[in-house]
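Each reported figure results from applying straightforward, stated rules to the coordinates on display, with no laboratory input. What you see is a predicted model; the values in this text were computed from it and never measured. Backbone-built Cβ (ideal geometry, glycine too); neighbour counts: all protein chains shown.
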Amino acid sequence: MRQKSSANRDLPPRMIRRIRKGTTGKIWVSYYYNGRDEAGKRKEIPLGTDLDQAKVEWARLERKAPPKPNHLMSYVFDRYEKEIIPGKSIRTQSDNHKEIKQLRKAFESAPIESITPQVVAQYRDARTAKVRANREIALLSHAFTIAREWGLTDKANPCFGVRRNKEKPRDYYAGEIVWNALYSEAAQELKDAMDLAYLTGQRPADVLKIAATDLNNGFLLIGQGKTEKRLRLRLEDAGIQSGLSTFINDLLERRAINGVKTSTLITNSSGLRMSQQMLRNRWDDARDKAAIKATTDGDLALAASIRQFQFKDIRPKAASEIELTHASRLLGHSTEEMTKKVYRRIGEIVKPTK
């Protein structure tokens with residue numbers, strides 16, 4: 001089979017592009033279907049001058065579904081979901097799919113060339129979920145950058161220079177009273193998850209995947225799913241066991257007594273690995289019980305504080321209760337500024353006047 005002309009390699013099979021220059025110097029482009037007539041002789045069937053319409057007509061002749069126009073944002077989103085998102089972490093994939101779902105509502109049928117900084121700013125202002133809008137614009141920006149690499153557009157990224165909504169980092173801190181109130185109502189597997197999360201300072205998803213096989217030569221090996229950062233948590237220092245080591249030894253002993261075979265440290269009462277939903281259900285149940293108890297005791301302020309407590313607040317609690325440099329390294333941050341700005345949720349220690 002003869003190799004397709006380089007001028008037509010971006011077109012579907014048997015579609016031809018004809019480019020002619022008129023007497024006035026104007027360039028004329030038209031598309032044809034390289035078909036056959038009734039006698040079997042080669043015949044070029046006109047498809048028109050509009051590429052998208054030509055592809056629709058080509059699909060009819062080929063008896064195929066018409067391809068999506070590649071000058072629309074829908075094509076960019078489809079290809080981004082198919083080629084780019086699968087290479088990201090599981091959590092990021094989930095977030096990106098939600099973000100694209102929102103972006104499609106506004107930009108699905110819009111031509112790529114029609115997206116301007118003004119349009120992006122209007123989208124930002126129209127979204128009621130301001131923080132989510134920032135994430136969606138960030139994804140739109142990356143999708144536009146990739147679209148430029150794919151050759152779908154050569155215009156500047158319209159997201160560059162567009163202000164983002166101001167974000168205020170979550171500043172909730174679970175003090176000892178709140179912690180104890182919820183902890184006392186928690187099932188044993190939730191208590192184990194809380195203790196492991198606090199002692200390691202890791203994200204909920206990373207806590208749930210820690211296994212006995214991660215114990216190696218006096219260290220607990222951690223692989224962070226979000227950043228792919230690898231850590232080794234020391235279990236002993238100068239022959240003295242850490243609190244984490246004591247907790248793990250106690251947990252392994254209880255698992256052995258109960259006949260738990262799963263290597264994952266955090267399991268349910270049946271010995272099965274704890275899923276995110278299992279954790280969420282147990283957390284909500286314990287939090288509701290603790291809040292109801294506080295309300296019954298007449299402490300409405302405590303009840304309100306308990307209801308604000310989320311499992312993800314354990315990580316910043318851990319970061320807030322140890323020295324900054326230690327906290328930054330434990331959390332796997334590249335700079336102490338990130339730890340200080342987002343995860344340190346208690347103030348500086350000072351003395352009273354008297």
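Odds and ends about this structure:
- Three-way shape call for the chain based on the alpha-carbon gyration tensor, with the a/c threshold at 1.5: prolate
- Cα-based helix-to-principal-axis angle, 243-258 vs the chain, degrees rounded to 10: 90
- Global form of segment 73-223, assessed from the alpha-carbon gyration tensor, a/c cut-off 1.5: prolate
- Angle between the chain longest axis and helix 188-200 axis [Cα atoms, degrees, rounded to 10]: 80
- Cleavage-rule hits, GluC sites (Glu not before Pro), segment 18-63, DSSP coil, Cβ neighbours within 10 Å at most 10: 38
- Computed extension length for residue 252-residue 30: 72.6 nm, one decimal, from 0.36 nm per residue of separation with the Cα-Cα distance subtracted.
- Under 14 Å from residue 226, Cα to Cα: aspartates and glutamates that are on another chain or at least 8 residues apart: 95, 206
- Computed from point charges on the beta carbon alone (+1 for Lys and Arg, -1 for Asp and Glu), the dipole magnitude for the chain about its Cα centre is near 1840 Debye.
- Mean separation of Cα contacts under 8 Å, 6 or more apart, over the residue count of the chain: relative contact order %: 12
- Residue 172-residue 141 FRET efficiency (beta carbon distance; Förster radius 22 Å; 0.05 resolution): 0.15
- Cβ-defined net charge surrounding residue 130, 11 Å radius [Lys, Arg +1; Asp, Glu -1]: +4
- Relative contact order [Cα under 8 Å, 6+ residues apart], segment 275-339, whole percent: 19
- Difference of contour (0.36 nm per residue) and Cα-Cα distance, residue 63 to residue 296: 76.8 nm
- Cα gyration tensor shape of segment 176-343, rounded if a/c is under 1.5, else prolate or oblate by comparing a/b with b/c: oblate
- Added length on full extension, which subtracts the Cα-Cα distance from 0.36 nm per residue, residue 275 to residue 324: 14.5 nm
- Modelled FRET efficiency - R0 25 Å, residue 10 with residue 88, Cβ distances, 0.05 increments: 0.35
- Distance violations [Cα-Cα > 18 Å] among 26/155; 98/317; 191/312; 105/168: 26/155; 98/317; 105/168
- Charge sum, other residues only, whose C-beta stays under 11 Å from residue 307's C-beta, Lys/Arg counted +1 and Asp/Glu -1: -1
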